[in-house]
1. When only residues in segment 66-75 that are out of contact with any Leu (no Cβ under 7 Å at 6 or more places or on another chain) and in a strand (DSSP E or B) count, which is most open to solvent (accessible area, probe 1.4 Å)?
2. Step by step: first the residues of segment 255-264, then only those that are open to solvent by 30 Å² or more (accessible area, probe 1.4 Å) and modelled with pLDDT of 95 or more, then the one that is farthest from Ala165 (Cα to Cα). Which residue is that?
3. Could you please give the count of residues in segment 133-174 that are open to solvent by less than 10 Å² (accessible area, probe 1.4 Å), outside any loop (DSSP other than H, G, I, E, B) and under 18 Å from Leu255 (Cβ atoms)?
4. Residue by residue through segment 87-132, note down the ones that are closer than 17 Å to Ala49 by Cα, of a type in the set (Asp, Glu) and either in a strand (DSSP E or B) or open to solvent by less than 30 Å² (accessible area, probe 1.4 Å) (or both).
5. Can you tell me which residue in segment 205-227 is farthest from Glu3 (Cα to Cα), limited to those that are among the polar types (S, T, N, Q) and surrounded by 11 or more Cβ atoms within 10 Å (Cβ to Cβ)?
6. Would segment 50-68 turn up any residue that is modelled with pLDDT under 95 and under 14 Å from Pro104 (Cα atoms)?
7. Being of a type outside the set (Val, Ile, Thr), touching a Phe, Trp or Tyr at 6+ places or on another chain (Cβ under 9 Å) and not in a strand (DSSP E or B) is true for just one of Ala38, Ala34. Which residue is that?
8. Name the single residue that is modelled with the lowest pLDDT among those in segment 238-254 being open to solvent by 20 Å² or more (accessible area, probe 1.4 Å) and assigned to a strand (DSSP E or B).
Amino acid sequence: MPEGHTIHRLAARHRELFAGQALQVASPQGRFAAGAAAVDGRRLTDTEAYGKHLFHHYEGDLSVHVHLGLYGKFADGELPVPEPVGQLRMRVVGERHWLELRGPTACEVFDPLRAQRLRDRLGADPLRDDADPLVAYARVRTSTKPLFALLLDQSIVAGCGLIYANEVLFRAGLAPTTPGRLVGAELWDEIWTDLRALMKEGVARGRIDTVHTEHTPEAMQRAPRVDRHGGEVYVYRRPGQPCLVCGTAVARGPLAGRNLYWCPTCQPAG
C-alpha cells in the first residue's frame, strides 16, 4: 500500500495539472458513474493529501475522496485521451492532460461534513504543517501497545506505513516492541522530527531512502539495493542480511499482523 509521501506527491501532481480548470469526469467502468456525474463539468479548486487519503476539491463544496489501498493506481498524460483499457474507475480530462484511476479501495464523493469526519478520525500527518505531534503523543504515552503498532495506527500517525515504521525505529535505536508508555516526550519529539524529515525526502525523491550518508552504497562500496520498493534502507525486507551499522543479521517476525524487521544489536529489547 502506498505510504503517505506518495499521496502527497499525487496531490501536488494533480494540483499542477488540473487546478482551476473545469474538468470532464467519467467512470468508464461504471462503478463511480453517479459520483462522476456529480462533479463532471465543475472546476477543481484544490487537492489535498491527509495520511493515505487523497481529496480532489471541486467548486460547489464537493470533493472526490480516493484511498488507493493495495491495488489502486493513477496514470496521467497529455491529450489526446487514450481509449479506456480494463477496469477504469475514474477518468478526468482537463485542458491539456488526462488522469486515470483504477483499482482503488475507495472512490466516492464527499460533502464538507463527511470530509471533515474522515479527517477527524485520522491522526497527525507528519507531512502536514497543521499536524500536532503532541496530539499523537497523548495516545502513545498512555498505551501498552508496541511502538511499532502505534506508528502504524492511522488514527495516531496518519500516512506512516510499514517501511517508515520499521526504519524510523531502527534509526532511533529502539526495539519495535517498546511499549508506547515507555517513550518519553523528548524521545517522541526526536522520532517525530526524524519521521517528518524522512517522509519529506520521500515526497521530494519519489522513493523511500532512510540510510545516513555514511551507509550509502557509494560510501560503503557495496552494491545498491535491488527491490521493487526501491530506496536504500536499513532493515526493511533485509532479513538475514548484515546490518549496515554493526553487521548483525537483520531479524524478521510478525507483529500487529505485519512484517517487522529489526537489528537485534542496534535495537536491543529492554
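The values are calculated or read from the model by the stated rules, or taken from the named source; none is laboratory data. The structure presented is a predicted model; accordingly, all values stated were derived computationally and were not measured. As a convention, Cβ positions derive from the backbone with ideal geometry for all residues, glycine included, and neighbour counts pool all protein chains shown. The accessibility values were calculated without ligands, DNA or RNA, using every heavy atom of the protein model including side chains. Shrake-Rupley method; radii C 1.70, N 1.55, O 1.52, S 1.80 Å.
1. Lys73
2. The initial filter retains those residues of segment 255-264 that are open to solvent by 30 Å² or more (accessible area, probe 1.4 Å), namely 255-259, 262, 264.
Checking the rest, the ones that are also modelled with pLDDT of 95 or more come to 262, 264.
Details: Trp262: 11, Pro264: 16 Å.
It comes out as Pro264.
3. Filtering segment 133-174 down to residues open to solvent by less than 10 Å² (accessible area, probe 1.4 Å) leaves 136, 140, 147-148, 150-151, 156-161, 164-169.
Adding the requirement that they be outside any loop (DSSP other than H, G, I, E, B) leaves 136, 140, 147-148, 150-151, 157, 164-169.
Filter once more, keeping what is under 18 Å from Leu255 (Cβ atoms): 140, 147-148, 150-151, 157, 164-169.
Number of matching residues: 12.
4. Those that are closer than 17 Å to Ala49 by Cα, of a type in the set (Asp, Glu) and either in a strand (DSSP E or B) or open to solvent by less than 30 Å² (accessible area, probe 1.4 Å) (or both): Glu108, Asp125.
5. Top of the filtered list is Thr216.
6. Going residue by residue through segment 50-68, those that are modelled with pLDDT under 95 are none.
Within segment 50-68, none of the residues are modelled with pLDDT under 95 and under 14 Å from Pro104 (Cα atoms).
7. Values: Ala34 fails: touching a Phe, Trp or Tyr at 6+ places or on another chain (Cβ under 9 Å).
Every option except Ala38 fails the conditions.
8. Out of the qualifying residues, it is Pro254.
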